[in-house]
Amino acid sequence: TTSKDQRIILTPYILWDGKFKEGDLFYLDGERPSDNESVCGESANYRVDAVGRQNEAIELSVKKIISK
């Protein structure tokens with residue numbers, strides 16, 4: 001479940017096109033992968049909600065992953 005959204009603008013378009021998809025995991029706001037992760041992204045704190053392909057940039061909408 002999520003409660004915080006962020007937008008990431010990636011330029012130039014040609015460099016980032018096709019690199020991200022919905023569901024990809026991110027470490028944002030100073031978070032980093034832990035040494036104890038058994039799966040890549042296991043302790044990520046954001047997930048890609050949408051990928052917007054604009055004219056000159058890619059816009060990622062990401063939502064914070066809230067731990068239970």
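The values are calculated or read from the model by the stated rules, or taken from the named source; none is laboratory data. What you see is a predicted model, and the numbers here were worked out from it, not measured in a lab. With ligands, DNA and RNA removed, areas are computed over all heavy atoms of the protein, side chains included. Shrake-Rupley method; radii C 1.70, N 1.55, O 1.52, S 1.80 Å.
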Proximal aspartates and glutamates relative to Lys21, as straight alpha-carbon distance under 13 Å, when same-chain residues fewer than 8 apart are discounted:
Asp49, Glu59
Put Arg47, Arg7 in order of accessible area, largest first, 1.4 Å probe: what do you get?
Arg7, Arg47
Taking N as the number of residues in the chain, what value does Rg over Cα atoms divided by 2.2 N^0.38 Å take?
1.17
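Where the accessible area of the chain is counted over protein heavy atoms with a 1.4 Å probe, how much of it, in %, is carbon and sulfur?
Carbon plus sulfur share of accessible area: 47 percent.
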Taking a probe of 1.4 Å, how large is the accessible area per residue of the chain, in Å²?
75 Å²
